[in-house]
Structures are given as structure tokens and as C-alpha cells.
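The values are calculated or read from the model by the stated rules, or taken from the named source; none is laboratory data. Computed from a prediction, not measured in an experiment: that's the story for all the values here. Here Cβ is always computed from backbone atoms with ideal geometry, including for glycine, and neighbour counts include all displayed protein chains.
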Amino acid sequence: MPESLGPKVYSWLDERLGLSPILELALKKRVPDHKHSFWYYWGGITLFFFIVMCFTGVLLLLYYRPGDGAYESVQQINTQIKFGWLIRSIHSWSANLMVAAAFVHMFSTFFMKAYRAPREFLWWSGFGLLSLAMVFGFSGYLLPMDDLAYFATKVGLSIPAVMPVVGPWIADLVRGGPDITAYTISRFFALHVVILPALFIPLLLLHLGLVQQHGMSIPESEQQKPEAERKSIPFFPNFVFKDLAVWLVALNVLALLAVAFPWPLGPAADPLAPAPADIHPEWYFMSSFQILKAFGGWFPGVVGEFLGIAFFNAGVVLWALVPLFDPNTKSGQWGRRVTWFGFVVLAVLIVTTIWGYAVLPAVAH
Amino acid sequence: MSENQNTSGSTEQGASSERRTFLKVAACGVGAAWAGMVGYPIYRYIASPVEEAASADVVTEVEVEKGAELPKNAALMFKFGTKPAMLIHHDDDTWSAFLAVCTHLGCTPAYQPEEKRIFCPCHSGVYDAHSGANVAGPPPKPLPQFKVAVADGKVVVSRA
């Protein structure tokens with residue numbers, strides 16, 4: 001490889017940039033190969049969708065105008081600008097596919113117990129990345145300022161507002177006033193394109209760096225095999241090419257969805273109009289939305305809301321702390337309990353999400 | 001015997017290197033096709049305002065709003081397609097219209113009624129107010145002139 005660059009050019013660069021150790025590492029690196037290897041690709045798929053979003057996001061910045069003309073500018077992107085509908089559709093679809101891929105990645109690492117020592121910080125940085133991704137989704141959802149965006153944000157921001165004492169104060173600061181206005185759009189825009197990327201990218205680099213440092217985790221069934229029987233493939237070129245092939249599949253799926261189901265733009269938000277009957281958040285907030293609604297039904301008043309939020313947050317905290325109470329392979333009995341906990345969490349998420357969609361009234365748009 | 005083996009071995013080698021070249025070319029071709037498919041919509045998306053401006057520039061005729069109300073020895077700026085243009089009503093009741101883009105470095109010049117000339121403040125370029133000829137300063141070419149038709153209280157400017 002380097003020879004084709006011209007040995008002189010390569011050695012000139014190598015002396016100044018220290019390429020050899022990196023190249024050596026890349027050539028020496030191996031990736032475990034076993035019957036669960038399929039799940040190794042999901043982190044890469046998530047990364048792919050993130051890269052697509054960075055590119056399409058910059059393209060959208062060319063025409064999007066935050067503030068009072070936000071809706072009109074998205075309308076212009078959708079109808080006037082050549083292929084604007086496609087760029088916007090790809091941005092929205094890859095956002096959804098990225099969150100979906102991140103969930104698959106998270107649950108696969110959970111059930112393969114990849115969060116165990118020494119990989120606790122991989123779990124925590126991944127947890128932080130998914131949390132930021134959801135704030136990305138929430139803030140991006142408002143930017144077109146159509147009716148669904150407006151009411152979903154209104155409902156979403158009423159959740160921190162129920163926190164005692166500081167809640168309303170925080171919600172007002174985030175909104176820039178008691179109502180969702182052009183100020184809110186500008187704040188969410190700054191969050192979406194400056195603050196979140198500035199937090200997300202360093203955390204992502206930490207996450208990727210830790211994968212290089214610790215290598216891929218192998219599941220328990222592999223760990224029990226003697227080292228000589230464990231199979232692996234070279235990172236370069238075998239795994240890289242496989243990864244690229246998977247990315248190509250991801251790109252195809254993304255392109256098909258974005259073209260076959262162009263992302264819609266509803267009517268402009270009207271603060272005086274009643275909320276659409278089928279108002280609901282993005283699917284990845286549906287579970288928490290439905291849990292809050294259910295608790296609100298079981299325990300009327302503020303008690304229900306408080307219990308719903310407490311239940312959900314307790315689950316999230318337990319989930320984040322899992323490396324602490326299932327630290328290593330020796331934690332046998334605990335290990336099985338944690339696996340069951342994972343099944344329960346997965347079941348609750350799926351059931352409440354389906355439940356949430358099932359109780360939505362059917363409305364033709 | 002051994003010679004035979006050798007030749008069959010080398011043809012096999014030849015076939016596999018041919019296959020390798022074919023695969024390389026095919027992979028590059030598919031890669032280029034992909035890059036084109038991804039790149040084409042992105043290019044059109046970025047170039048969208050350029051295309052829009054180009055289609056707006058196809059304009060050949062513009063009616064100057066309130067042009068007929070223009071007093072003598074005065075000028076009125078208007079838009080011809082996407083670019084600024086200048087309508088001048090001379091003392092002798094003749095009319096001139098020019099593209100108001102200085103041929104030096106693209107500034108917008110102004111009519112000076114005292115000197116009865118067109119002056120570009122950026123680098124002190126001077127044009128004749130009747131013909132648009134570059135008479136002083138750095139402008140290398142005269143200002144492009146339009147035809148002016150005044151009738152029924154309307155001023156219509158068209159490409160010459």
C-alpha cells in the first residue's frame with residue numbers, strides 16, 4: 001500500500017506524522033469471528049447514519065432560516081430547491097434509522113455483557129451518545145415549525161415543567177418565554193447545530209478510541225473456549241470491507257425509504273389552532289409518552305405524573321449503572337438476573353410503544 | 001510433462017490476473033456510478049439558486065414602473081432580470097437605459113445630473129450619459145445599452 005504512494009513521499013510523511021505505528025496497528029488488529037459477530041456491525045451502522053446526518057445537515061443549513069421564516073424556508077427546501085425534498089427526507093430518515101441502530105447496538109452489547117470490566121466507560125459513553133442523539137431528535141423535530149412539530153415540542157417541554165419549584169423556570173428558559181415562538185426555534189437551532197455537535201463529537205471519539213484500546217468484547221460462550229479455538233479475522237482488509245458492504249446496504253435502505261416515503265411537512269404551526277387529534281412524539285419517545293399517559297390514568301392529578309416520571313427515570317438510572325452490579329464473569333447469579341432485567345426493559349419498551357400507537361385515533365392527513 | 005504443467009500453471013496465473021484486473025475495473029466503475037448517483041442530486045441542490053438566477057436573466061423586456069414620471073435630467077434605477085439597470089431622461093427629452101454594472105469591477109455606477117455623466121465611485125470611472133461610452137478612468141468597455149420605448153405613459157426597456 002504505502003509503496004504505491006512512492007516510498008519517498010511515504011517516509012517524508014511518516015517522519016512527520018508518525019504513520020507507521022498506526023498502520024502497523026491497523027494491519028495487526030484482528031476482530032473476533034463467531035456466531036454472534038453479526039452484532040458487531042451495528043455500532044458501525046449507527047456511525048454511518050451519523051455521518052450521513054452531518055453531511056445532509058450542512059446541506060440543509062444552506063437554505064434553512066431559523067426564526068420567523070423557518071416554516072417558509074423548509075417549504076422552499078421541499079418545493080423549490082432542486083432535490084431539496086430528498087436531502088431533507090434523507091436527513092430525517094437517517095435520524096430515525098440512527099436511533100434505531102443505536103438501540104440495536106445497545107441491546108446487543110447489553111445481552112453480550114460487553115459493558116463488563118474493563119469496558120464500563122464504553123457503556124457510559126454510549127449511554128451519553130444515545131441520550132444526546134435523542135436530544136438531537138427532539139430539537140430537530142421543532143425546526144420545521146409545522147403543526148406536529150409545534151405541539152410535540154409543547155408537550156415535550158411540559159414534562160420538565162412538572163418538576164417542583166425549578167421545573168417551570170427551566171421550561172421557560174428553554175422556550176425563551178411561556179410559549180413556543182421564534183425565540184424557541186432559534187434556541188433549538190443553536191442547540192441542534194452547535195451545542196449538541198460540540199458535545200457529541202468528542203464523546204464519539206472517546207467511544208471509538210476505547211473500542212480500539214480494549215478491542216471487541218466477546219460473549220461468554222466464546223470466553224469459555226480455550227484461546228486456541230477462538231477464531232478471528234484481520235481488521236484490514238477483511239473486516240473493513242465487510243463493514244463497507246454493510247454501509248452500502250444501509251445507504252440503499254436509507255435511499256429507498258427516503259424516496260419511497262418522502263418526509264412530510266404539515267401545515268404551518270398555528271398557536272391558536274387546536275392540537276391535531278393524533279398528536280404524538282417520535283417513535284423513540286413513544287414508550288415514555290405512553291408510560292406517562294398510563295400513570296396519569298391510574299393516579300389522577302400531579303401524583304400520576306410524578307410517579308410516571310419517577311418510574312421511567314428509575315429504569316434509566318438502573319440501566320446506566322448496570323456495569324456496577326454486573327461487573328465481571330464471576331458475578332454468575334447476578335449476571336443471570338441482569339439478563340432478565342434486560343428482557344423486562346426490552347419488553348416494557350416494546351409493549352408501551354405498541355400500546356401508544358394502538359390508542360392513537362386514526363386521522364387522515 | 002513438466003513443461004506442460006508449467007504452461008498450464010502460467011495460463012492459470014494469466015487468467016487469475018485477468019480476473020483481478022476485471023474485478024478492479026468493475027469495482028472502480030461501480031464506485032464511480034455510486035459517487036455520481038450520490039453527487040448529482042447534491043450538486044443540483046447546491047446549484048439551485050444559480051439555476052434560478054440564470055432563468056431569471058433570460059428576461060428580454062422590462063416595463064419600468066413609474067418610468068414616465070421621471071423628470072428631465074434625472075435617472076431611475078430598476079431591475080433588469082437579476083441585475084441593476086439605469087433609466088436616464090435627458091434634457092433634450094431623449095431617453096437612455098444601461099445595465100448599471102461597471103465594466104471595470106462590477107460596482108453600480110450613478111447618474112450625476114450636475115455633470116450630466118455616469119460616474120462609478122469605486123474607482124472614478126466615467127461614462128457618457130447618452131451612449132454609455134467609457135470616457136475616463138479605468139473602465140475598459142462601454143456600459144451595455146438597452147432600447148427604450150416611451151408610449152402611452154409607459155416606458156419599456158428591452159435588450160438591444
From the set of residues in the stretch A:69-108 that are surrounded by 17 or more Cβ atoms within 10 Å (Cβ to Cβ) and among the β-branched types (Val, Ile, Thr), which is farthest from A:MET134 (Cα to Cα)? A:ILE81
What about A:TRP340, is it surrounded by fewer than 12 Cβ atoms within 10 Å (Cβ to Cβ), part of a helix (DSSP H, G or I) and at pLDDT 90 or above? yes
Quick check, is A:LEU199 over 30 Å from A:VAL303 (Cα atoms) and not aromatic (Phe, Trp, Tyr)? yes
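Check whether at least one residue in the stretch A:283-297 is within 14 Å of chain B (Cβ to nearest Cβ), under 30 Å from A:GLY342 (Cα atoms) and in contact with a helix residue (DSSP H, G or I) (Cβ under 8 Å, 6 or more places away or on another chain), and report yes or no.
Taking the stretch A:283-297 and keeping what is within 14 Å of chain B (Cβ to nearest Cβ), we get none.
No - not one qualifying residue is present in the stretch A:283-297.
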What's the number of the only condition in (1) surrounded by 15 or more Cβ atoms within 10 Å (Cβ to Cβ); (2) assigned to a loop (DSSP other than H, G, I, E, B) that A:PRO164 fails to meet? (1)
Looking only at the stretch A:172-217, count every residue that is closer than 25 Å to A:HIS105 by Cβ and either among the charged types (D, E, K, R) or assigned to a helix (DSSP H, G or I) (or both) and tell me the total. 23
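Answer yes or no: is there a residue in the stretch A:159-167 that is under 23 Å from the mean Cα position of the chain (by Cα) and modelled with pLDDT of 90 or more. If you could, list the steps in order and put the result at the bottom.
Taking the stretch A:159-167 as the starting set, the residues that turn out to be under 23 Å from the mean Cα position of the chain (by Cα) are A:159-160.
From what's left, modelled with pLDDT of 90 or more: none.
Within the stretch A:159-167, none of the residues are under 23 Å from the mean Cα position of the chain (by Cα) and modelled with pLDDT of 90 or more.
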If you go through the stretch A:237-244 one residue at a time, do you hit one that is touching a residue at least 12 places away in the same chain (Cβ under 8 Å), in contact with a strand residue (DSSP E or B) (Cβ under 7 Å, 6 or more places away or on another chain) and more than 24 Å from A:ILE77 (Cβ to Cβ)? yes
Is there a residue being closer than 21 Å to A:ASN78 by Cα and of a type in the set (D, E, K, R) anywhere in the stretch A:149-159? no
Would you please list the contacts, defined by Cβ atoms under 7 Å and residues six or more apart or on different chains, that run from a residue in the stretch A:18-47 that is closer than 21 Å to A:SER108 by Cβ to a residue that is surrounded by 15 or more Cβ atoms within 10 Å (Cβ to Cβ) and hydroxyl-bearing (Ser, Thr, Tyr)? A:ARG30/A:SER232; A:VAL31/A:TYR40; A:VAL31/A:SER232; A:PRO32/A:SER232; A:ASP33/A:SER232; A:TRP39/A:SER108; A:TRP42/A:SER108
For A:VAL31, state whether it is of a type in the set (Val, Ile, Thr), at pLDDT below 95 and within 30 Å of A:ARG230 (Cα to Cα). yes
Considering only helices (runs of 4 or more DSSP H) wholly within the stretch A:35-145, the ones with at least 2 residues that are within 14 Å of chain B (Cβ to nearest Cβ) are A:41-61, A:70-79, A:84-111
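For the stretch B:44-76, how many residues meet the condition of being assigned to a loop (DSSP other than H, G, I, E, B) and either of a type outside the set (A, V, I, L, M) or within 14 Å of chain A (Cβ to nearest Cβ) (or both)? Don't jump to the end; show me each part of the working.
Of the residues in the stretch B:44-76, the ones assigned to a loop (DSSP other than H, G, I, E, B) are B:57-60, B:65-66, B:70-73.
Restricting the remaining residues to those that are either of a type outside the set (A, V, I, L, M) or within 14 Å of chain A (Cβ to nearest Cβ) (or both) gives B:57, B:60, B:65-66, B:71-73.
Counting residues in the stretch B:44-76 that are assigned to a loop (DSSP other than H, G, I, E, B) and either of a type outside the set (A, V, I, L, M) or within 14 Å of chain A (Cβ to nearest Cβ) (or both) gives 7.
Quick grid of which residues meet (1) in contact (Cβ under 8 Å) with a residue 24 or more places away in the chain; (2) within 30 Å of A:ARG88 (Cβ to Cβ):
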position: B:PRO49; (1), (2): no, yes
position: B:LYS72; (1), (2): no, no
position: B:CYS107; (1), (2): no, no
position: B:VAL126; (1), (2): no, no
position: B:HIS130; (1), (2): yes, no
position: B:ALA133; (1), (2): no, no
